[in-house]
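Single-structure report; data block below.
We did not get these values from a lab; they are worked out from the coordinates using the rules stated. Keep in mind that this is a model prediction, so the values were computed, not measured. Here Cβ is always computed from backbone atoms with ideal geometry, including for glycine, and neighbour counts include all displayed protein chains.
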Amino acid sequence: MSPSMAQGGTGTSSHSPQLNGFSSSNNPKANSFARRQKISQQRRSLPIASVERRLVEEVKNNDTLIVVGETGSGKTTQLPQFLFDAGFCRDGKTIGITQPRRVAAVTVAGRVAEECGVELGQKVGYSIRFDDMTTGSTRIKYMTDGLLLREALLDPYLSRYSVLIIDEAHERTVPTDVLLGLLKDVQKTRLRSINGRESKNKNPNSNNEEGAQSSIFKPFQGRKLPPLKLIIMSASLDARIFSEYLGGAKAVHVQGRQYPVEILYTAHPQSDYLESVLVTIFQVHLNEGPGDILVFLTGQEEIESVERTVHEQLRQLPEGKRNIVTYPIFSSLPSEQQMRVFAPTPAGFRKVILATNIAETSVTIPGIKYVIDPGFVKARSYDPNKGMESLIVIPTSKAQALQRSGRAGREAPGKCFRLYPESEFEKLEDSTKPEIKRCNLSNVILQLIALGVDDVPGFDFIEKPSRIAIVKSLEQLFLLGALTDECKLSNPVGHQMARLPLDPIYSKAIVQASSFNCLEEMLITVAMLSAESIFYSPREKSEEAKTAMKCFASPEGDHVTLINVFRAADEFLEKRKTVTSKDKDDKILRKWCKENFINSRSLRHARDTYRQIRGHAEQMGLHFASCGDDLLQFRRCLAASFFLNAALRQPEGAYRALASGQAVRIHPSSVLNQTKADCVIFNELVQTSQKYIRSVSIIDYLWLTELAPQFYAMAK
Ligand code: CDP
Ligand code: MG
């Protein structure tokens, strides 16, 4: 039961959550004492609490351990604290925990800091790309898997860590898969550094060739390193695959608590699942008992559109039935807003959480009794033959559907509404294909090479990507100038690209822009492209939104248009700046965004990203300059950077992507949608009813042979 519902009553407009026993919220000391007591009681009641001693013993006795437990059993928040208390951070060492998702790293770190009664960034911190909340005193550090991989570039033995926990391993993201291989090796190297100490994994069936296999790293310098404890953790993991891969590592199962969940299917397939989502939300709200609703959607755009429609429809309900609060949660949401979903539901209200698959296992939100699952997820897909990566919406796997429904039964029996017929469930894949098998590998390969892995196809992957995918990615890195003929990092371009925490194609654009005198423009472009949907166009105001967009639209294309938005926001803030308060800035910016049909969350994200990558670029000594009004220079730089994504207009009006030969159209949201440019470059290929290219700018075809002869001379 959700905390608020015990108080009963509907329609009250009070938003202040009340704690049992304290009717006044004016006494912060009493409130904080009550909260601490509540937290400590919650901690003691978690399933993992009863096995603390056993877990600590297992970690002491095994260098590698697999921990499997139901979502919400306390693995992510508690195990690092148990290990801290057991002395694993003695000698100033750190316990690192990786998460596939930024939002999980941030929210869990916040929760654990609160549980420990410390300020975030002190004993407990997090570090994600573009946002570091750690200090020298941080001992429990949550981070993304990608970030730990980057840390390995600077410190190949990851020597500051005594324990590394790879959490949510079942997600099988590319960085997680690569980390597994890397950490296996780090562990061996560290063991060898201590007088050739034997591994503590004493499994007679183990095929662990400890010591026999040579390390991927350069010869060891003779320094003694402490052993590394490696823990693989997950909700629904097939422990056997991991155990076999990790030399017969032991697996421990933590019993979870799960109440029954009633699964309901639709009678027929739904043609418009967003419509069905809305109908179901209101059906639950009006006909079912108290309890919060969790809805799984595929991305920010969908979430925001459903959120708006829920509010529109709420206005049509009688006053007493409007007691719904909505909270979105998706990866690119700024962290303060992500945290809001964890706050208790305001008294008398029903919380509706609109989430991506982030809420399947990564974050546990209390109070959920109803799950609405349309059965879709946005996934990366890569065609190595065409060298093309795209984001597509695909049906979930059976494992995902089960995880989603499980979210309804954490605190009491619940209900899950699957918005498809039962016969469809049977047709779903059993589990999701690991990401490494369906994405462009150039990013990870660049990092592996930067780490000193010369033989990438021979790397010890838990599941090998296809050879063609590896070859294509190497080829792409070579074409971008990151690699030499011997597949080593080129100097300085390859080294510079590896230092930037971006996809190689964007790193290249930034490195290149300094020589085109347009680094400022390129940094803005890359930052704006990293945010999802800058413009928003509500259905009922689409004409107004179109007019607003025209103020920023550039005939050169979407890239300059995005720069115009970024600069207009900057100028507006500059003019309005009366006090230098960040809160005030945010408020003014939100208002400006609303008037101009700009998505303020995305713009804020882009502004943060800009500051961060500008910092990297400056540290690397790249020449910071703006091309001013000389946009030709900027477009030439776009051509020189994104030449792999060029498309040529065909007589019938469609375009042909030059690298892959496939037919594409310019996406209706592009400012170039109605123009008839002969040659364009683009940044994104999306496949819906047909193949669309997004983020498009006009270039001159001849620039391609001039600026990218390494590709266009070969391809003719
Ligand atoms: O990792 P696992 O799914 O096993 O559980 P967890 O993330 O450690 O969560 C344990 C408990 O902490 C859950 O019951 C959550 O309700 C609570 N929690 C929270 O209140 N706020 C967070 N940001 C994270 C967890
Ligand atoms: Mg967890």
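Set the Förster radius R0 to 41 Å, insert the Cβ-Cβ distance between CYS551 and ASN31 as r into 1/(1 + (r/R0)^6), and round the FRET efficiency to 0.05. Don't skip to the end; give the middle numbers.
Working: r = 47 Å, r/R0 = 1.16.
So the FRET efficiency works out to roughly 0.30.
Suppose we keep just the DSSP beta bridges with both residues in the stretch 261-433; what percent of those would be antiparallel, to 5? Before the final figure, lay out each step's value.
On the way: 8 of 31 bridges.
In the stretch 261-433, approximately 25 percent of DSSP beta bridges are antiparallel ones.
Can you list residues whose amide H is under 5 Å from SER554's amide H, if they're 5+ apart or on another chain and H is modeled 1.01 Å from N?
Here the answer is THR561, since their amide H atoms fall under 5 Å of that of SER554.
Sum up the charges of everything whose Cβ sits under 12 Å from the Cβ of PHE624, counting Lys and Arg as +1 and Asp and Glu as -1, but leave PHE624 out. Walk me through the numbers on the way to the answer.
Values: positive: ARG614; negative: GLU520, GLU521, GLU618.
The answer is -2.
What ranking, highest mean first, results for peptides 645-652, 65-72, 91-98 when packing means the other Cβ atoms within 10 Å averaged over each residue?
On the way: 645-652: 15.9, 65-72: 23.4, 91-98: 19.9.
Per-residue mean Cβ counts within 10 Å order the peptides as 65-72, 91-98, 645-652.
Mind listing which trypsin sites (Lys or Arg not before Pro) in the stretch 561-630 are in a DSSP loop and have 14 or fewer other Cβ atoms within 10 Å?
Values: sites: ARG567, LYS575, ARG576, LYS577, LYS582, LYS584, LYS587, ARG590, LYS591, LYS594, ARG601, ARG604, ARG607, ARG611, ARG614; in loops: LYS577.
Those satisfying the criteria are LYS577.
Can you give the relative contact order of the chain as a percent, counting alpha carbon pairs under 8 Å and 6+ residues apart?
On the way: 1269 pairs, mean separation 89.2, N = 716.
Relative CO of the chain lands at 12 percent.
Could you count how many Lys pairs in the stretch 261-433 have their Cα atoms under 20 Å apart, skipping same-chain pairs fewer than 8 positions apart?
12
What residues have an amide H closer than 5 Å to that of LEU419, excluding those fewer than 5 places away on the same chain, when H is modeled at 1.01 Å from N in the peptide plane?
ASP373, GLY375
Express the relative contact order of the stretch 261-433 as a whole percentage, based on alpha carbon pairs under 8 Å and six or more residues apart in sequence. Each step should come with its number before you reach the end.
On the way: 294 pairs, mean separation 57.5, N = 173.
Contact order relative to length: 33 percent.
Using the per-residue mean of other Cβ atoms lying within 10 Å as a proxy for protection, in what order, highest first, do the peptides 267-274, 250-257 fall? Working shown, then result.
Values: 267-274: 12.0, 250-257: 16.2.
The peptides rank, most packed first, as 250-257, 267-274.
Is the C-alpha gyration tensor of the stretch 469-511 telling us rounded, prolate or oblate? Criteria: a/c under 1.5 is rounded; beyond that, a/b larger than b/c is prolate, otherwise oblate.
Because a/c hits 1.5 or more and a/b fails to exceed b/c, the stretch 469-511 counts as oblate.
Counting pairwise Cα distances across the chain, what percent come out greater than 44 angstrom?
Numbers: 65746 of 255970 pairs.
The proportion of pairs with Cα distances above 44 Å equals 26 percent.
Distance from the Cα centre of the stretch 144-169 to that of the stretch 599-677, in angstrom?
Using only Cα atoms to place each centre, the spacing works out to 33 Å.
Check each of the GluC sites (Glu not before Pro) in the stretch 277-344 and keep only those in coil by DSSP with at most 15 other C-beta atoms within 10 angstrom; list them in order.
On the way: sites: GLU288, GLU301, GLU302, GLU304, GLU307, GLU312, GLU319, GLU336; in loops: GLU288.
Answer in residue order: GLU288.
Go through 667-674, 361-368 and give me the packing order, highest mean Cβ count within 10 Å leading. Spell out each step's value before the answer.
Working: 667-674: 16.5, 361-368: 22.1.
The most tightly packed comes first, giving 361-368, 667-674.
Amide H neighbours of ILE324 under 5 Å, counting only residues 5+ apart in sequence or on other chains, H built in-plane at 1.01 Å?
ARG350
I'd like the Karplus ³J(HN,Hα) series for the stretch 174-185: coefficients 6.51, -1.76, 1.60, θ = phi - 60°, whole numbers in Hz, and an x wherever there's a Gly or Pro.
So the J values, rounded to whole Hz, are 4, x, 4, 4, 5, 4, 4, x, 5, 5, 4, 6.
So which cysteines in the chain don't have a second cysteine's C-beta under 4.7 Å from them?
CYS89, CYS116, CYS416, CYS439, CYS487, CYS551, CYS593, CYS637, CYS679
When the Karplus curve 6.51 cos²θ - 1.76 cosθ + 1.60 is applied with θ = phi - 60°, which whole-Hz ³J(HN,Hα) does each residue of the stretch 124-130 get, with x for Gly and Pro?
Result, rounded to whole Hz: 10, x, 9, 9, 10, 4, 6.
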